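Below is one structure, written out as structure tokens; the observations come after it.
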Amino acid sequence: MQNKVVLLDIENNMPTLKMLRDVVKHYSALYLFNCTGKIEFALDDLTELASLISSGQVIILDVPETTEKEYEYAVVVGQLLALLEPDTHIEVISAMPSCSMLMDMLRSSDLSCHLIQIETENSEKASKYTIPSVETILNKPALQLVKKYCDAVVKMTGKPNTVEKLKNSIVNCLQVVPEKAQHLLGMLINLKIVKKEDEHVWFRKKRLKQWSELDLEQKSVISDVKFLQIDAVLDKLSADAKQIASALDSQQESDSTTTSLNKNFEEIDPVQWEVIQKLNELKTDKPKDIYALRDLLEKMFPQSDVRLLLKELIEKGYIYWNGHDVIYSHEMYLN
């Protein structure tokens, strides 16, 4: 008979002592972990919990403090590889959308596993559902893919009803790699567009309708207008900087005038002024990726501290980074 254990992710899913008792009755061991590093039980339950731990029926896995889920899950998988006997089957119970990443790691380590994904009490009681704003969706490529897939699903006569069929459908509709499809599947569940039970899935019609009826075009038009305004702002900044420099050259003989102009010129750092000129020359070829912009500035200004330069450009409002794209404007500030 195959040995079976339970791996319980207690992040957003804190179990009761009764639940722990029920699990250890039917499984050889119960492994607990929490990526937030917390475990909460009533004082009256601690004695019995300590007894379960000392008997080896409940094992608490160590999870490092980090913001990267991949690393946290990798440490959990590493501990299971060291603790479990060969051919042990793992029942994974989790309320986290990211648990699909954990399942992929377990399977890639040749560990037999099965996911039981549940909803937290808070999510079950939350009757009001708020769809992300149009601006949020436009600023997050992954949400744009979710929207695109919802638009495709509403036109389907037969919708995917299993996890595997849903992943294949995402791959075919969006032309993405399987790993990306797995991530999007988790987002569909987290956004309550899809409900999952074991290996079966079904779409929530109301949620799907909300997403499919969302109009992103109007916001896109507004964004295009903003980019045109940004280019105009850059032209003005460049022209103003040149005017100040020219005035300085022609008025050097007048100490009082020179002092006044120098005070104005100090408001635009010479290097920043040159950056504005260079970027303005690129027109529509300006880098939209923050790392591409960093690399470009390093080539243009090898003697400058580019990270400090970027920081000052953002703080002074010359550029705006929303976490995904760079927008060029002195009137917009980093959130």
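Within the stretch 79-88, the set of residues being loosely packed, with under 13 Cβ neighbours inside 10 Å, in contact (Cβ under 8 Å) with a residue 12 or more places away in the chain and assigned to a loop (DSSP other than H, G, I, E, B) comprises Glu85, Asp87. Filtered by the rule that a residue be of a type outside the set (Lys, Arg) and assigned to a loop (DSSP other than H, G, I, E, B), the stretch 145-169 gives Val154, Met156, Thr157, Gly158, Pro160, Asn161. Could you please let me know if Ile189 is under 21 Å from Ile137 (Cα atoms), in contact with a helix residue (DSSP H, G or I) (Cβ under 7 Å, 6 or more places away or on another chain) and either without any contact (Cβ under 8 Å) to a residue 12 or more places away in the chain or outside any loop (DSSP other than H, G, I, E, B) (or both)? So Ile189 fails the test. Taken over the stretch 201-214, the criterion of being out of contact with any helix residue (DSSP H, G or I) (no Cβ under 6 Å at 6 or more places or on another chain) and either polar (S, T, N, Q) or under 11 Å from Gln117 (Cβ atoms) (or both) is satisfied by Gln210 alone. If you check Tyr149 against the conditions, is it among the hydroxyl-bearing types (Ser, Thr, Tyr) and at pLDDT 90 or above? Considered against the rule, which asks whether it is among the hydroxyl-bearing types (Ser, Thr, Tyr) and at pLDDT 90 or above, Tyr149 comes out as yes.
So is Glu179 among the acidic types (Asp, Glu) and modelled with pLDDT under 85 or not?
Values: among the acidic types (Asp, Glu): yes; modelled with pLDDT under 85: no.
Criteria not met by Glu179.
Within the stretch 153-172, residues that are closer than 14 Å to Ile193 by Cβ sit with their Cβ atoms under 7 Å from residues that are surrounded by fewer than 18 Cβ atoms within 10 Å (Cβ to Cβ), at 6+ positions apart or across chains, in these pairs: Val153/Lys159; Val154/Ser212; Ile170/Val176. Among the residues of the stretch 68-82, count how many are within 13 Å of Ser98 (Cα to Cα) and β-branched (Val, Ile, Thr). So the count comes out to 0. The condition of being of a type in the set (A, V, I, L, M), more than 21 Å from Glu179 (Cα to Cα) and surrounded by fewer than 16 Cβ atoms within 10 Å (Cβ to Cβ) does not hold for Leu32. Considering the stretch 65-91, the residues that are among the aliphatic types (A, V, I, L, M) and more than 23 Å from the chain's Cα centre (by Cα) include one that is nearest to Asn13 (Cα to Cα), namely Ile90.
Yes/no matrix, rows are residues, columns are (1) assigned by TED's automatic domain parsing to the domain that holds His200; (2) of a type in the set (S, T, N, Q); (3) in contact with a Ser or Thr (Cβ under 7 Å, 6 or more places away or on another chain):
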site	(1), (2), (3)
Pro64	no, no, no
Val75	no, no, no
Leu81	no, no, yes
Glu85	no, no, no
Glu91	no, no, no
Gln117	no, yes, yes
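Applying the condition of being closer than 20 Å to His114 by Cβ and β-branched (Val, Ile, Thr) to the stretch 173-197 and asking which residue is surrounded by the fewest Cβ atoms within 10 Å (Cβ to Cβ) yields Ile189.
Glu68 satisfies every condition listed in (1) surrounded by 16 or more Cβ atoms within 10 Å (Cβ to Cβ); (2) without any contact (Cβ under 8 Å) to a residue 40 or more places away in the chain except (1).
Would you check if there is a residue in the stretch 26-45 being within 21 Å of Gly186 (Cα to Cα) and among the basic types (Lys, Arg)? Write out each step before concluding.
Going residue by residue through the stretch 26-45, those that are within 21 Å of Gly186 (Cα to Cα) are 33-36.
With the extra rule that they be among the basic types (Lys, Arg), the set shrinks to none.
No, the stretch 26-45 contains no residue that is within 21 Å of Gly186 (Cα to Cα) and among the basic types (Lys, Arg).
Under 25 Å from Leu185 (Cα atoms), modelled with pLDDT of 90 or more and in a helix (DSSP H, G or I): is that true of Val76 in this structure? Here the answer is yes, as Val76 does meet what is asked.
Taking the stretch 175-193, which residues are touching a Lys or Arg at 6+ places or on another chain (Cβ under 7 Å) and closer than 18 Å to Leu214 by Cα? Before you say what the answer is, go through the steps one by one.
So the first thing to find is which residues in the stretch 175-193 are touching a Lys or Arg at 6+ places or on another chain (Cβ under 7 Å), and the list is 178, 181-182, 185, 189, 192-193.
Correct list: Lys192, Ile193.
The values are calculated or read from the model by the stated rules, or taken from the named source; none is laboratory data. Quantities reported herein were computed from a predicted structural model and do not represent experimental measurements. Here the Cβ is made from the backbone with ideal geometry for all residues, glycine too, and neighbour counts use every protein chain on show.
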